[in-house]
1. Of everything in the range 110-164, what is of a type in the set (Ser, Thr, Tyr) and under 23 Å from Leu23 (Cβ atoms)? Give them in sequence order.
2. In this structure, is Tyr146 aromatic (Phe, Trp, Tyr), crowded, with 19+ Cβ neighbours inside 10 Å and modelled with pLDDT of 55 or more?
3. Got a sec? Which of Leu46, Leu22, Leu35 is under 20 Å from the mean Cα position of the chain (by Cα) and modelled with pLDDT of 90 or more?
4. So which residues in the range 67-88 are within 22 Å of Met15 (Cα to Cα) and crowded, with 17+ Cβ neighbours inside 10 Å?
5. May I ask you to list the residues in the range 31-49 that are surrounded by fewer than 19 Cβ atoms within 10 Å (Cβ to Cβ) and touching a residue at least 40 places away in the same chain (Cβ under 8 Å)?
Amino acid sequence: MTRVFRHDPIDFRSMPSALKFLLLANVAAFLVARLVGPPIELIFGLVPREVVSQHWVWQPVTYLFLHGSVWHLLFNLFALWMFGMPVQAQWGGGEFLKYYFLCGVGAALVSIAVAPHSPIPVIGASGAIYGLLVAFAMLYPDAVVYLYFLIPVRAAHMAILFGLLEFFAGASGTTPGIARFAHLGGMVTGYLYIRWWWVWKLKLTSAVSGLAASRGPASKPASRRAARSAAPRSAPRDEMAEVDRILDKILASGLESLTDAERALMRRYSEKNKPS
């Protein structure tokens, strides 16, 4: 059954701290850039030539906070709120921020690879935003989003559509003022991270936890081992087996193949194994 994803009204006070940080940092950087003027884009924007030749390694991060116009800023902030709220609710602030900057840096690296000698600055958070779109689509594939506030479309279909549009627009060069391959780079980085690294990280955590659970202290008396009931020992093992089965299912068919019960189990498992 198709789910319609609904947001609560925008309320800055109720936003999670990680999302507030990104929103405020983007607004502050925009105001500073208006005061300083265009030279700030040459220093803190993404200039592929300078990253390659001068090793200005901060640019693949700092370019995310610069925007060319008020509308550019407002559109990205709206998309950040729209897709960031549900993604952060699922992952937590730390994982959310790590994913956001990973997608942004991935978008920057793709831009550099496509045009390593370009002197034109690339600015804007769009690469990271497109990565959030992918995360949202993989977490809520059946959620209905109103494209351009008018056309209802499933989140999974919207992500595929946007990916195709960015690819063909970038390949054709019809919009030279827009870093299409940066957008595509953010999407690909996000997809690969969720589809492979994130899943394998959980799988490794599952394996390590299972190994630790199967090993008891060697000095425990046999009477204490015998006194344990089979049920308490089998429950964690049963959960591990179920987690492994779900992870294999994600690898084979993607996150969108999970049932609500399987998603709930993975959320409980992630919370239980989250570092303190």
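The values are calculated or read from the model by the stated rules, or taken from the named source; none is laboratory data. In this text, all values refer to a predicted model and were calculated from it rather than measured experimentally. Counting neighbours? That spans all protein chains shown, and the Cβs are built from the backbone with ideal geometry, glycine included.
1. Step one: list which residues in the range 110-164 are of a type in the set (Ser, Thr, Tyr), which gives 111, 118, 126, 130, 140, 146, 148.
Hits for the range 110-164 are Ser126, Tyr130, Tyr140, Tyr146, Tyr148.
2. Here the answer is no, as Tyr146 does not meet what is asked.
3. Sole residue among the options that is under 20 Å from the mean Cα position of the chain (by Cα) and modelled with pLDDT of 90 or more: Leu22.
4. Scanning the range 67-88 gives Leu73, Asn76, Leu77, Ala79, Leu80, Met82, Phe83, Gly84, Met85, Pro86, Val87, Gln88.
5. Narrowing the range 31-49 to residues surrounded by fewer than 19 Cβ atoms within 10 Å (Cβ to Cβ): 31-32, 34-40, 42-43, 49.
Listed by number, the residues that qualify are Leu42, Arg49.
Each row is one residue, and each column tells you yes or no for (1) under 13 Å from the mean Cα position of the chain (by Cα); (2) buried (at least 21 other Cβ atoms within 10 Å of the Cβ).
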{"residue": "Gln90", "(1), (2)": "yes, no"}
{"residue": "Cys103", "(1), (2)": "yes, yes"}
{"residue": "Ala107", "(1), (2)": "yes, yes"}
{"residue": "Ala113", "(1), (2)": "no, no"}
{"residue": "Ile120", "(1), (2)": "no, no"}
{"residue": "Ser126", "(1), (2)": "yes, yes"}
{"residue": "Leu132", "(1), (2)": "yes, yes"}
{"residue": "Leu139", "(1), (2)": "yes, yes"}
